[in-house]
Each structure stands twice: as C-alpha cells, then as structure tokens.
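Structure first, commentary second.
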Amino acid sequence: MPHDCPVRLYSNARLWSGQPASAGMPATQPPPVGAIAEQAGRIVALGGPEALQRRFPDAEVHDLDGRLVTPGLIDCHTHLVHEGNRADEIERRLAGESYQDIARSGGGIRATVTATRAASTSQLIASALPRLDALLADGLTTIEIKSGYGLDLATEVRMLQAARALAAVRHVTVVTSYLGAHVLPQEHANDATGYVERVCADYLPAIVAGGWADAFDAYGDALAFSPAQIERMFAAARTLGLPVKLHADQFSDQGGAALAARHGALSADHLEYTDAAGVTALAAAGTVAVLLPGAFHFLREPQRPPVAALRAAGVPMAVATDCNPGTSPLASLLVAMNLAAIDFGLSVEECLLGVTSVAARALGRQHDCGTLGVGLRCDLAVWNVARPAELVLGLGLKPLHCRIWQGRPEPAKSTG
Ligand code: NIG
Ligand code: FE
C-alpha cells in the first residue's frame, strides 16, 4: 500500500462487526464506540477513537456522532438487470391464477425474456438504475446480478455487460452470475437436450473466455431444468473453473440442495421444500443457504424453508432480495431482513449476518467484504440509529445516514 495515500478515520462510531455475537452484545444493545482507519479503500486499523487518533495524527477525521456502523450490505441474489415489468401477472395471481399456470400460458420468465431480448445494453442499464438506487438507499455496497432473461448468447452477454457497467456509474461492487439455465428458451421448447448441450459446449466457454461471469447459476424445477440436466451443466461450468450456485427446491423437493452440495456450490437458494437430507448435505459441503423471503411473500407460498433445521445443522444462512419482475419486485435489503425475521423466524442477528458476512460467503468474497476487519474493503453503512435491531424491526423508516464504499463517503439522499 502506498505510504503517501491519505488515511481517513471514521471515529466515534458504534461498530457492529458482522461477526456472530458481535462483541458479545445482543442486537438490541448499542455496540461500543470505536473507530475505523481507512487507507486506499481498505480498513487498516480498528480500535478506540483516541488510540487511532494518536496512531494516525494526520488522518482526515470523520466524527460519526455515535451512529451505528455496519459492514456495507450485500445483496447476494438479484435479477436486477431485466426489461419490462410483470405487474399484470401479480394482479392475475391476486385473482387466483398460479405462477405455474401463468408461466405455462406464455407469461413468467419467458415474458421477461421477450422484453429483455429487445433491449439494448444502455436501455438495460437505464431500467436497472432506479432499482439499484433503491438498494443503495438502504446501505448496499455489493450486489450480485444474474443474467437469465436472454437465454441466447448475445442477450446473456448484454445483460452481464449491463450489470458490470452499473459499477461504472454508481459506487458499488457488482458480482455477476451467468443464469444460462433459467428456463428453456422458446426456440428450444421441445429440445432440452439441444439447449443443455449448447450451454455446455458454446455458451459457457464463450462467457468464461469473455470474463463476463463470476459464477454459473441454474434453476432446478419442473418448470425449468431436471437434476440430470443441471448435473451436466454444473460439471461443464466447473471444468471451466466457474463456481456454481442453484435455485433449489422452491416449489417442490427436487433434491436440489443435495445436488448443489455435491458440486461444492457457493450457495443453494430458496429451499422452501428442502428435506432433512438436503440440509445435512449443505452442512457437510459448507454451502450457504440463501433465503429469499420476498419471493415467498409475493407468491403467497404456503411452505417456509426449514430454518430451524438449517440452524441446528450449522448451515450459514444469507438473506437476499431476489429482486426480479415476476416473483419478487423488491429492492430493499432492510425489507428482506424484516420479512426473514417476521415470516421465516430468523433472529435479528441472523438477519444482519445474512446480509453481511454470510452474504459475502455466498459470493466467495468473505476475505474482501462483509465484515469489519483489517485488510478488508472499507465498505460501510452508517445508520441514524444506535442499535442493530432497529435495522430489522421496522419498515420504511429510511435509517441510512451514509454509505462508505471503498473508503469514500456518500451521503444518503434523504437524510443529513
Ligand atoms: O428467483 N425461480 C426462478 N427465478 C426467479 C423468478 C424469475 C421470474 O419469475 O422472472 C426467482 O424467483
Ligand atoms: Fe432468483
């Protein structure tokens, strides 16, 4: 690290570190006051305000007035880049139609594929920006964005390019996933084998050669891909050095969690119908369970994921928005945490870990972000509250004071 790079000191802050039982404090108590020293975008020291001031006498000091500071929030599962919206389908569901029936009648994911294929990269960026800004206003500093609404190579690459381009217009880290196995595209409706072969032989190698994706994602479901088809694509992705993750067991138990675990997946996501064997397999593999309470909410899903079993088995649980136009038009991690607590029964601490350190692990980025630690990125969220529980146990209260991304502060738009 260059010695002449200036040091910033974020001082007089209540530090919630993103570690379990952070400082041994319950989330309803304000954490102790401390300070963070930042240089060249990374945390270089943590400690008492006076001690750090003595150690870095020339630092630019930012007094945070006793506010709560957490790691910047991480949304580890989104479909942020897409064109069009499907409010009409949500209205149809309110009138009694099912997600599956709407998908079989030409709606669902394929409706968004049609709209997305017709959009240019700049249109995709423009339509994603308001959703990204909403997430940033709740303290986000890292986001995972999937493709999956193109399903031909050109559109999938355009989606991934748009996702990466968002990081050039906002202070945020973008991690991308190639969701080549979302559903069968219309032109392959009766040719699943042909499409799977195409993904393995053509699309995956091209995406990897272009460096467009950080992981490969698939959707295991009766509406989408079978376990055998996913096995084939996961094997191809891993041969190319791409980590894998899976939309697993959302509407029925397909053995998705165990499949993901067998492939050492970074994460298995949804999991409403995962059975005991699936939970055991996730625990043994160290695969993160990503819970998506927004999709559960919008779908009025009757079955909850097996949270008590996941907890008992020691499976790390992340919480994400699943921001997408069909099953989870949700662009707030604070709301996602609230739903995870109220509807899934996560503790306040589990919710907060789920959008910080565990979310980082779901992206394979735990050595870079998600906790307050020396050497990690100085990505912080500064809140107008003192107690971590207040971030989870309210809705619409807009508690963000400012975000700090790689050491650079950026005030929240609506607050001081
Ligand atoms: O994560 N489950 C599959 N994929 C999305 C739904 C996408 C859509 O309906 O457009 C999900 O919920
Ligand atoms: Fe999803």
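The values are calculated or read from the model by the stated rules, or taken from the named source; none is laboratory data. It should be emphasised that the depicted structure is a prediction, and the values quoted were computed from it without experimental measurement. Note that we place each Cβ from the backbone using ideal geometry, even for glycine, and neighbour counts take in every protein chain shown. With ligands, DNA and RNA removed, areas are computed over all heavy atoms of the protein, side chains included. Shrake-Rupley method; radii C 1.70, N 1.55, O 1.52, S 1.80 Å.
Amide hydrogen proximity for R42: with H placed 1.01 Å from N in the peptide plane, the residues at 5 or more positions away or on another chain lying under 5 Å are C378. Within straight-line reach of K245, meaning a Cα separation under 28 Å, sit the following lysines at least 8 residues removed in sequence or on another chain: K146. Residues whose amide H lies under 5 Å from that of H401, counting only those 5 or more places away or on a different chain, are V382, W383, N384; hydrogens are built 1.01 Å from N in the peptide plane. Find which of G66, P130, G96 sits farthest along the positive direction of the dipole of the chain, computed with +1 on the beta-carbon of Lys and Arg, -1 on that of Asp and Glu, about the Cα centre. Going by the charge dipole, the pick is G66. Along the Cα-to-C-beta direction of L223, a point sits 7 Å from the Cα; which residues of region 319-335 have their amide N less than 17 Å from that point? Answer for this model: 322-330. The angle separating the long axis of helix 227-239 from the principal Cα axis of greatest extent in the chain is about 50 degrees. With the simple spin-label model, which puts each label point 7 Å out from Cα in the Cβ direction, the D202 to A51 separation comes to 6.1 nm. Principal-axis analysis of the Cα atoms of the chain puts helix 153-169 at an angle of about 10° to the longest axis. Ordering 255-268, 335-348, 116-129, 92-105 by mean Cβ neighbour count within 10 Å, with the highest value first, yields 255-268, 335-348, 116-129, 92-105. Between 0 and 90 degrees, the angle of helix 333-342 with respect to the longest Cα principal axis of the chain falls at about 80 degrees.
Cross-link partners for K413 among the lysines, with Cα-Cα distance under 21 Å and sequence neighbours closer than 8 places in the same chain left out: K398.
Oblate is the label for region 19-82. Its Cα gyration tensor axes, ordered a ≥ b ≥ c, give a/c of at least 1.5 and b/c at or above a/b.
Report the far tail of the P(r) of the chain, meaning the percent of Cα-Cα pairs longer than 34 Å. Show your work: numbers first, answer last.
Working: 24113 of 86320 pairs.
Value for the chain (Cα pairs over 34 Å): 28 percent.
Classify region 49-140: rounded, prolate or oblate, from the alpha-carbon gyration tensor (a ≥ b ≥ c, eigenvalue square roots; a/c under 1.5 rounded; otherwise prolate if a/b is larger than b/c)? Prolate, since a/c reaches 1.5 and a/b exceeds b/c.
Length gained on full extension, D152 to R170: 3.7 nm, using 0.36 nm per residue less the C-alpha separation.
Cα centroid separation, region 354-375 to region 54-110: 18 Å.
Give, in nm to one decimal, the length gained when the segment between L94 and T193 is fully stretched (0.36 nm per residue of separation minus the Cα-Cα distance). If you can, show how the numbers build up before the last one.
On the way: separation 99, 0.36 × 99 = 35.64 nm, distance 3.53 nm.
Stretched fully, the L94-T193 segment lengthens by 32.1 nm.
How much area per residue is accessible in region 67-119 when the probe is 1.4 Å and only protein heavy atoms are counted (Å²)?
Working: 2030 Å² over 53 residues.
I get 38 Å² per residue for this part.
The amide H of L140, built 1.01 Å from its N in the peptide plane, has L73 as neighbours under 5 Å, considering only residues 5 or more places off or on other chains. With all protein chains in place and a 1.4 Å probe, the accessible surface of the chain carries 54 percent carbon and sulfur. Backbone geometry of region 211-219 corresponds, through the Karplus equation with coefficients 6.51, -1.76 and 1.60 at θ = phi - 60°, to 3J(HN,Hα) couplings of x, 7, 10, 9, 7, 10, 10, 9, 10 Hz, x marking Gly and Pro. Shown here for region 313-416: trypsin sites (Lys or Arg not before Pro) in loop regions (DSSP other than H, G, I, E, B) with at most 10 other Cβ atoms within 10 Å, namely K413. Report the local net charge at R86: Lys and Arg +1, Asp and Glu -1, summed over other residues whose C-beta lies under 12 Å from its C-beta. Here the count lands on -1. A277 sits among other residues whose Cβ lies under 15 Å from its own Cβ, and their net charge, with Lys and Arg +1 and Asp and Glu -1, is -2.
Go through T371, T176 and list them by solvent-accessible area, largest first, probe radius 1.4 Å. Could you put the intermediate results ahead of the total?
On the way: T371 25, T176 0 Å².
Highest to lowest solvent-accessible surface, that is T371, T176.
Coupling constants for region 321-329 follow from the phi torsions by the Karplus curve (6.51 cos²θ - 1.76 cosθ + 1.60, θ = phi - 60°), and in residue order they are 7, 6, 2, 7, x, x, 10, 7, x Hz; glycine and proline get x.
For L395 and E60, compute 0.36 nm times the residue count separating them, minus their Cα-Cα distance, and round to one decimal in nm.
On the way: separation 335, 0.36 × 335 = 120.60 nm, distance 3.46 nm.
Length gained, L395 through E60: 117.1 nm.
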